[in-house]
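Colleague: Mind having a look at this structure? Questions to follow.
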Amino acid sequence: MTRCVIAEDELLLQEELVKLLGEVWPDLEIVAACDDGGSALDAIASYRPEVAFLDIRMPGLSGLEVASSVLAAGLRTEIVFVTAYDQYALDAFDRGAVDYLLKPIGRERLAATVARLRDRLARGVADTTQLAALLARLQSVAPPAPRAQPLVWLTASRGVETRLILVDDVAYFQSDSKYTVVMTAEGESLLRKPIRDLLEVLDPAMFRQVHRSTIVNLRAVAGVTRDDSGKGVIRLRNRPETLTVSQPFMALFRHM
């Protein structure tokens, strides 16, 4: 059975894509439906699916960044991008051989895409060169996604105390059930905001997701090493513990 990962941050659109895929590709196994790029990358690395449908713009890692990391990790996954109408994207797609779907997704277009995917999978064709060329075009012409001003301060709790923490002083954030641990040189505090929401308000130039449950402040990183399995280990400047970088996320550090 063909395995598939879906990444779409709008729940209704995600559910609609799952429903339509069930109609046009009934023997497809959807092993994960994710609402952010980090979770999608983690799912692709874990399940090694034959197909992934990636929204181009998602919280945290974009669909383009997820696809780039999939390529860099050597994972053989057919990528289909899902996008709202962006002329820059459509022009780039029309010059390549990588599939895309426009929102709202039409059943006929999806069926045609599925037919091409099934043909490529049956023939064992996976043209990573075409995907790499498309990603280079898209990343060179894509306008930056609009973002709010990066978060400067946050309010977190430590026991019965409420603390005002300067974001620059945070070494890393780590998901802990329904809370997020905020770790500074002084110790940990708890924040009632999920990792997914933090990715939308942190400065992407300074805070990088290294695992589906961990965001690190690059200013706090003393060094990154890679082990034999391809995973990374981060040493911190002002904390004794180390942080694990999931193997697919290591591609995001290649320019450091």
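Colleague: Mind grabbing the base-10 log of I(q)/I(0) for the stretch 195-240 at q = 0.13, 0.19, 0.26, 0.31 Å⁻¹? Debye formula, identical points on the C-alpha positions, no solvent, two decimal places.
Modeller: -0.32, -0.66, -1.02, -1.16
Colleague: Given the peptides 209-217, 73-81, 108-116, 60-68, arrange them by the average over their residues of other C-beta atoms within 10 Å, most packed first.
Modeller: 60-68, 209-217, 73-81, 108-116
Colleague: I'm a student and want to see the number: the projected area of the Cα convex hull of the stretch 153-253, averaged over all directions, in nm².
Modeller: Taking the Cα atoms of the stretch 153-253, their convex hull projects to 6.3 nm² on average.
Colleague: Given N residues in the chain, what is its alpha carbon radius of gyration divided by 2.2 N^0.38 Å?
Modeller: 1.06
Colleague: Where does the stretch 3-141 land on the Kirkwood hydrodynamic radius, alpha-carbon pairs, in angstrom?
Modeller: Value: 14.8 Å, from the Cα pair sum.
Colleague: Can you tell me the FRET efficiency between residue 152 and residue 129 if r is taken as the Cβ-Cβ distance and R0 is 41 Å, rounded to the nearest 0.05?
Modeller: Step by step, r from the Cβ atoms, then E = 0.45.
Colleague: Please compute one quarter of the surface area of the Cα convex hull for the stretch 5-66 and express it in square nanometres.
Modeller: Spelled out: convex hull of the Cα atoms, projected over all directions, averaged, 3.7 nm².
Colleague: Does a label point 7 Å from the Cα of residue 84, set along Cα-to-beta-carbon, have any residues of the stretch 1-36 with amide nitrogen under 18 Å, and which are they?
Modeller: 7-17, 35-36
Colleague: Expressed in nm to one decimal, what extension gain is obtained for the pair residue 15 and residue 228 from 0.36 nm per residue of sequence separation less their Cα-Cα distance?
Modeller: Extra length available between residue 15 and residue 228 comes to 72.8 nm.
Colleague: A further question follows. If you take all C-alpha pairs in the stretch 214-256, what percent of them are over 13 Å apart?
Modeller: Roughly 49 percent, rounded to a whole number.
Colleague: Using amide H atoms built in the peptide plane, which far-off residues or other-chain residues are under 5 Å from residue 103 H to H?
Modeller: 83, 84, 85
Colleague: Here's another thing I want to ask about it. What is the antiparallel percent of DSSP beta bridges lying wholly in the chain, to the nearest 5?
Modeller: The answer is about 65 percent antiparallel.
Colleague: With the contact rule set at Cα under 8 Å and sequence spacing of 6 or more, what percent relative contact order holds for the chain?
Modeller: In percent, rounded to a whole number, it is 15.
Colleague: Right, another one. Which of 1, 206, 183, 58 comes first, and how do the rest follow, when ranked by fewest Cβ neighbours within 10 Å? Write down the numbers at each step before the final one.
Modeller: Working: 1 8, 206 15, 183 23, 58 27.
With the fewest neighbours first, 1, 206, 183, 58 line up as 1, 206, 183, 58.
Colleague: To continue, here is another question. Relative contact order, percent, of the stretch 3-141 when contacts are C-alpha pairs under 8 Å separated by at least 6 residues?
Modeller: The normalised contact order for the stretch 3-141 reaches 23 percent.
Colleague: If R₀ is 25 angstrom, what is the calculated FRET efficiency for the pair residue 205 and residue 57, using the beta carbon separation as r and rounding to 0.05?
Modeller: 0.90
A short reminder: the numbers here are calculations on the coordinates, not readings from a lab. This one's a predicted model, so the numbers in the text were calculated from it and none came from an experiment. Virtual Cβ from ideal backbone geometry, glycine too; neighbours counted across all protein chains shown.
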